[in-house]
Amino acid sequence: MSGITDEITTAEVTPGVRIPLLGLGTWPLMDENATAAVVQAINNGYRHIDTAENYRNEAAVREGIRRSGIDREDLFLTTKFNTRWHSRSGVRDAFGAAVKRLGSDYLDLFLVHWPNPQQGRFVEACEGLQDLVDNGSIRAWGVSNFKPAHLRLVQDAGLAVPLNQIQLDPEHGQAGQLAYHREHGILTGAYSPLGRNGGFLNHPAVSGPARELGKTKAQIALRWHVQHGRVAVPKSADSHRQRENLDVFSFALTQQQMAAIDALETGAPPRLDSDTYFH
């Protein structure tokens, strides 16, 4: 990673707050497996760890950070809270519980995990997050799994949404969602960035550049994400694969290669519909 500038490896999520474009996803790692993966990832150079209340591994992530010996200010820590906390006061409670589990007195990024529009309180949750930014408890806030209709309601309340983390891979490109993000200056986070079965990795649009550049197919897919300016959080507990996943800043794809991967889009919706699914 030496010699690579922050402008290449990070993105500005809010003024003055930069987020690493590559992070370690921790779902569905649990207990000692999660702890060991976090220690290993930090030792391999990761500085962004992504977890969530519903992953039930925040305490294990805390232990991994402790064992790594890294200074807290050198790490970018993201977590998410559940729908039970969707109110301004509830978000304060969610923050208090999250930092206790994570062993930190602040969070770098705190996300609404699912909008749960039937409950109808996600706008209040976002207002609560802005309160936490204003009082210095968190550095930045965002949402996850929000469709444009959900984002619009938050914006109608006078809030600018900094980041939306969504399921995104070459076959689930969510073109309409990304267009809305671009139009409104919303940074895109990608979970499951390598897909859930990885079938597209064997397509010539991915395997061809991998062969030509001497990279793995996963590295090509992750380079596609970060070259589009997205924050990707692939999960891996394997040390060698962690290092490979992080090593996507020493090469670039051509416009033609990027377009070929873009063309793998199938139009398929995300696996879970955020109008009905939540926790």
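The values are calculated or read from the model by the stated rules, or taken from the named source; none is laboratory data. Computed from a predicted structure; not experimentally measured. Remember, those area values only see protein heavy atoms, side chains included, never the ligands or the DNA or RNA. Shrake-Rupley method; radii C 1.70, N 1.55, O 1.52, S 1.80 Å.
Points worth noting:
- 222 nm mean residue ellipticity, helices alone, for the chain (DSSP H n ≥ 4; -39,500 (n - 2.57); rounded to 500): -12000 deg cm²/dmol
- The chain: antiparallel DSSP beta bridges as a percent of all, rounded to 5: 15
- Set of aspartates and glutamates with alpha-carbon distance to Lys235 below 19 Å, sequence-local pairs under 8 removed: Asp31, Glu32, Asp50, Glu53, Glu58, Glu63, Asp169, Glu171, Glu244, Asp247
- The slack in the chain from Gln118 to Arg67, taken as 0.36 nm per residue of separation less the alpha-carbon distance, amounts to 14.2 nm.
- The fraction of accessible area contributed by carbon and sulfur in segment 34-183 is 43 percent, rounded to a whole number (1.4 Å probe; ligands and nucleic acids excluded).
- Pairwise centroid distance, computed over Cα atoms, of segment 89-138 with segment 201-262, Å: 32
- The lysines within cross-link reach of Lys100, meaning a Cα-to-Cα straight distance under 21 Å and a gap of 8 or more places when in the same chain, are Lys80.
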